[in-house]
Amino acid sequence: MDFFEKTEYSIDDLTALINNEAEESVHLDFKAAGSLSKDDKKKAEIAKDVSAFANSDGGIIVYGIEEQEHKAHALSYIDGNTYTKEWLEQVIQDNIQRRIEGLEIFPIRDNGDITKSIYIVKIPRSGNTPHMSADKCYYKRNNFRSVKMEEYEVRDLFYRESTPNLKINGYNFYQSDESDDYITFGFIAQVWNDSNTISTMYKLNCYLNNYIRINRILWEPVKDEMNYTYLEKQRLKIFQLGKYPLFPNECVDMLRFSLEIKRENVEAFINNATIELLLMFGNKTDKLSFSVKEHLERK
């Protein structure tokens, strides 16, 4: 599972970051043990970094990993007796206005030793922006840094709460049926409203690339809800408009269809076909792509 999607963490997850020389980015930051201090300047720095993630697209700060050239380099243990999870959470919430909802802190102890602690702080993309840091400034993530926001950027954040934010929450491509002559593969995707605002206008496109001849497209429940077009040789676009309002923190299934393929073409189809998903809402998009073969092998 992707490091950002985990709901539990272990020391092995952290050593993997170091062994793989994971790079800091707009979504990931590493901080050595010295970043946690009861000094007011250090507390202000914590607030700056956390608020920058919340004002941007969310992400993770690992307190307890030393970076070198912006790559995870070595574990840097924190004494959990002195700096507890509760202390860190209080520093964050006391020094950032507005409060960040949904923030999580995961304490990791090497071999259960509290003096060898590491804290993973998972910060959501906030829908309650902007968040002001202790120094009365607003910050955002820029590559691997937290930088001050321009005045127009802060103004834009006031509208985030009233702007829908949709995501492709998942998908499935699977063999659904077979006969003497054909094998049928089914597809379904799910769209999630990750915001506090109802979304009424959204569209999901599915691009099927490098496919071998398809005998039929089977629509579920009816074709009227979806349509398709051939863009070019071996590139098919199937799309669906959102039919109903999508309420906050709710999901909807979209693009439920099946592809009927002759048995003699199935192997070539699986080995070559790729699928791209493009979700459009307002002036924003969410994208996802996968290889049919790799997806089926993981199932």
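Remark on region 118-190: Rg and Dmax equal 21.8, 71 Å (Cα only). Surface composition of region 35-147: carbon plus sulfur atoms hold 40% of the accessible area, using a 1.4 angstrom probe and ignoring ligands, DNA and RNA. When nucleic acids and ligands are ignored and a 1.4 Å probe is applied, Y228 ends up with an accessible area of around 90 Å². If both residues of a DSSP beta bridge must be in the chain, then about 95% of such bridges are antiparallel.
Want the number for D181 to W219: 0.36 nm per residue separation, take away the alpha-carbon distance, what's left? Kindly include the intermediate steps, with their values, before the conclusion.
Numbers: separation 38, 0.36 × 38 = 13.68 nm, distance 1.98 nm.
That pair, D181 and W219, stretches by 11.7 nm at full extension.
For the chain, the 222 nm mean residue ellipticity estimated from helices alone, with every DSSP H stretch of n ≥ 4 adding -39500 (n - 2.57) and the total spread over all residues, rounds to -6000 deg cm²/dmol.
Between amide H atoms placed 1.01 Å from N, distances below 5 Å from Y202 occur with G242, all of them 5 or more places distant or on a separate chain. Projecting label points 7 angstrom from Cα along Cα→Cβ for S10 and F144 puts them 2.8 nm apart.
Note that region 1-68 presents 47 Å² accessible area per residue, ligands and nucleic acids not counted, probe 1.4 Å.
At 0.36 nm per residue, and after removing the present C-alpha to C-alpha distance, how many nm does the segment from K233 to K293 gain when stretched out fully?
On the way: separation 60, 0.36 × 60 = 21.60 nm, distance 2.03 nm.
Result for the pair: 19.6 nm of gain on full extension.
Seen through its C-alpha gyration tensor, with square-root eigenvalues sorted a ≥ b ≥ c, region 76-176 comes out oblate because a/c lies at 1.5 or above while a/b is not bigger than b/c.
How big, in percent, is the set of alpha carbon pairs in the chain lying more than 23 Å apart? Working shown, then result.
Numbers: 28259 of 44551 pairs.
Of the Cα pairs, 63 percent sit more than 23 Å apart.
Among residues other than A47 whose Cβ falls under 15 Å from its Cβ, what is the net charge (Lys/Arg +1, Asp/Glu -1)? Summing Lys and Arg as +1 and Asp and Glu as -1 gives +4.
Ranked highest first by average number of other Cβ atoms within 10 Å, how do 117-123, 46-52 line up?
Details: 117-123: 22.6, 46-52: 24.6.
Result, highest mean first: 46-52, 117-123.
For region 5-118, a Kirkwood radius taken over Cα pairs fed into Stokes-Einstein (10 °C, viscosity 1.306 mPa s) yields D = 110 µm²/s. Potential lengthening of the chain between K136 and D57 amounts to 26.4 nm, from the contour at 0.36 nm per residue minus the alpha-carbon distance.
The values are calculated or read from the model by the stated rules, or taken from the named source; none is laboratory data. Keep in mind that this is a model prediction, so the values were computed, not measured. Backbone-built Cβ (ideal geometry, glycine too); neighbour counts: all protein chains shown. The area values use the complete protein model at the heavy-atom level, side chains included, leaving out ligands, DNA and RNA. Shrake-Rupley method; radii C 1.70, N 1.55, O 1.52, S 1.80 Å.
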